[in-house]
Amino acid sequence: MNKEELIALKEKLSKLSEEEKKQRDLYLRDLALGKIQGPMTGYASIDKPWLKHYPSDLLLSDVSEKGIYDYLLSRNHNLNTVAINYFGNKITFGDFFKRIDTVSKSFLEMGIKEGDIVSIMLANTPENVISIYALNKIGAIPNMIDLRQKENKLVHYINSSDSKMVICTDLFLNNLDEVANEINVDKIVVSSPFDSMPLPLELFIKMTRKQYKPKNLSYIKWKDFERKGLKSNLSSNYKSNSEDPACIVHTSGTTGIPKGVVLTNRCFNAMVLEYKDVIVKTKTGDRILCQVPPFLAYSAIMALHLPLSLGVSLEMLPDYQPEKFADNIYKHKTAHAVAGPADWNNFLSDEKVSKRDYSFLVTMGSGSDKIDTNVRHRIDEVLSKSGCKSHVFEGYGMTEVGSAAVTNLPYYIVDDSVGIPLAKMSVMIYDNENDCELPYNSVGEICLSGSTMMKEYYKNPEATNDTIRLHSDGKYWVHSGDYGYINSDGNLFLKGRIKRIIVTYEGFKVSPNDIEKVLMNTGLVSECCAVGIKDNQNGYGAIPVANVVLNKNAFLEDENEIVKKLEMACAVALTERYRPRSIIVRDSLPMTDVGKIDYRALEDICNSEQCVKIKKK
């Protein structure tokens, strides 16, 4: 099929009604399953071979048109079930919804109305979750900010979102106090991680800790704020719908200035529809370990809205400590846990894991960044020996698609693949130079389309139009900036960031991902990042350099010998043009605010050092 024929076919498909599109998905599912015979085009976004993994009733289902509060309310009828367990304080769904109602009135008393934005800087506490749903109930929008932010970044996050109010944790109140004269907000509510603890524990901790007293900031305490709602007779006439914003979250900033991503109610609710029953198996009384930083889309959707919408109780831990991940799972014995690669790496390196029984684990998700296949295999092996019958499964996405658009299935995991598209999502591998989709097994930019797509970048139409583009099929596609390929079974494979490609002075394009994969496969490395440094010898182009953090076990060997082994692995797996010129052992790699390796910062470090020989930093 040539380019013109492909465009004509896509234009024809774009004119189908929503019902016709559903029927076509059923046809494609039967085609992929071999139930019927018919032609395949060889293009993923048209053939959708991944549909064979999903039941027909899911393909025929519609995403709820409700807001996330109304949707959550409609899905939880047993109000005696525990919604949140916080240090032994068990908040039932009945009490949870009452507090949401109260806090929604508190916001109204503070002058917050439909369309207003409230910045939230809280840890994983009940107050954080209650605030999100209370704002949604009145049509206001939470702006989720990393509670550790300070100085210029903090001012940017608050002012650029036109926030009318800030809810801040007292743990980092000093950061807000320092910029009190620079932010355009005078309504401040301060919450403590101890506010929802059982009263004896709350009183003991508050008596024994020193509380920061602001110099420039006026605020009210959370409990006084919540009491405003208890006394209020105000109500909102807001009628929710799926296209309204549910929240604003922020990109990691690894490719430039962080942008505010507006995610809709549809995005949140679609993820529940996609994952319930098919991907995540839950039952009444199940609990999920909720410890991922709450300002991430991954956390807000996968660790909060998804489990709550399935009636699963949140076991909330306010302090994010990846090194305690294994201990926390074992201590709380939750059936479900979602985490990031850092958590699972720490899980693997914890010596106590092999001596424990983890048979209670049912769902073990990994998101935020790619987890190495060998690491995943080792985790599965350790868990299997400890009685667990499940596997760690990961997905692929970005903040702009609500964190997930592609997923492994618990019963279908292909090595090195990040999974298949969700049932209501689609993936296209795109050739930007020739402005067309590429066939199976061709490497190009990964583009995503479907129900979890963002609405826009907040007040940034130029960046929005650069990321979300209308294609010939009549669909809007998110251009991810990642490149990879998809095979005829619908499995997506990552090759790296387009902007991370290292171009040598000879014009060869070196993939950092290929280098990192080889080094991680040695089992000697826990973290790895390949970057390009300026080729001063030739005057232009870049030189590939690998930065590694060694496994704990690797320190038993001589470091120079380890580096020689890493060099040998590269020599065997990569041709000379695509090998790293240097392998640098470091104690740690710089990270972004959301816990991803900051390759831009690492590039700057390497360029300042001019890493032309092996050395330790």
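Structural remarks
- No other residue among S511, S526, S480 is outside the structural domain of L589 (by TED's automatic domain parsing) and among the hydroxyl-bearing types (S, T, Y) apart from S480.
- Among the residues making up the stretch 187-232, those that are among the polar types (S, T, N, Q) and free of Cβ contacts under 8 Å to residues at least 40 places away in the same chain are S192, T208, N216, S218.
- Taking the listed residues G419, G474, the one that is assigned to a strand (DSSP E or B) and on the phi > 0 side of the Ramachandran plot is G419, with no other qualifying.
- The single condition among (1) out of contact with any Gly (no Cβ under 9 Å at 6 or more places or on another chain); (2) in a helix (DSSP H, G or I); (3) assigned by TED's automatic domain parsing to the domain that holds D473 that I36 does not meet is (2).
- Total residues in the stretch 4-19 satisfying the condition of being part of a helix (DSSP H, G or I) and small (G, A, S): the figure is 2.
- Consider the stretch 576-593 and keep the residues that are assigned to a helix (DSSP H, G or I) and not hydroxyl-bearing (S, T, Y). The one that is surrounded by the fewest Cβ atoms within 10 Å (Cβ to Cβ) is E576.
- M398 in contact with a Cys (Cβ under 8 Å, 6 or more places away or on another chain), in contact (Cβ under 8 Å) with a residue 12 or more places away in the chain and either surrounded by fewer than 24 Cβ atoms within 10 Å (Cβ to Cβ) or in the same structural domain as F295 (by TED's automatic domain parsing) (or both): no
- In the set (1) part of a loop (DSSP other than H, G, I, E, B); (2) buried (at least 23 other Cβ atoms within 10 Å of the Cβ), F360 fails one condition alone, (2).
- Filtered residues of the stretch 59-94 (kept if in contact with a strand residue (DSSP E or B) (Cβ under 9 Å, 6 or more places away or on another chain), more than 21 Å from P142 (Cβ to Cβ) and not in a loop (DSSP other than H, G, I, E, B)): V82, N85, K90, T92, G94
- Failed criterion for I446 (all others in (1) modelled with pLDDT of 95 or more; (2) more than 28 Å from P49 (Cβ to Cβ); (3) touching a Phe, Trp or Tyr at 6+ places or on another chain (Cβ under 7 Å) hold): (2)
- Filtered by the rule that a residue be closer than 16 Å to M520 by Cα, of a type in the set (S, T, N, Q) and at pLDDT below 85, the stretch 532-558 gives a lone residue, N553.
- Candidate set from the stretch 124-147 (those that are part of a loop (DSSP other than H, G, I, E, B) and hydrophobic (A, V, I, L, M, F, W, C)); member that is nearest to S240 (Cα to Cα): I138
The values are calculated or read from the model by the stated rules, or taken from the named source; none is laboratory data. Keep in mind that this is a model prediction, so the values were computed, not measured. Positions of Cβ are generated from backbone atoms using ideal geometry, with glycine treated the same way; all protein chains shown enter the neighbour counts.
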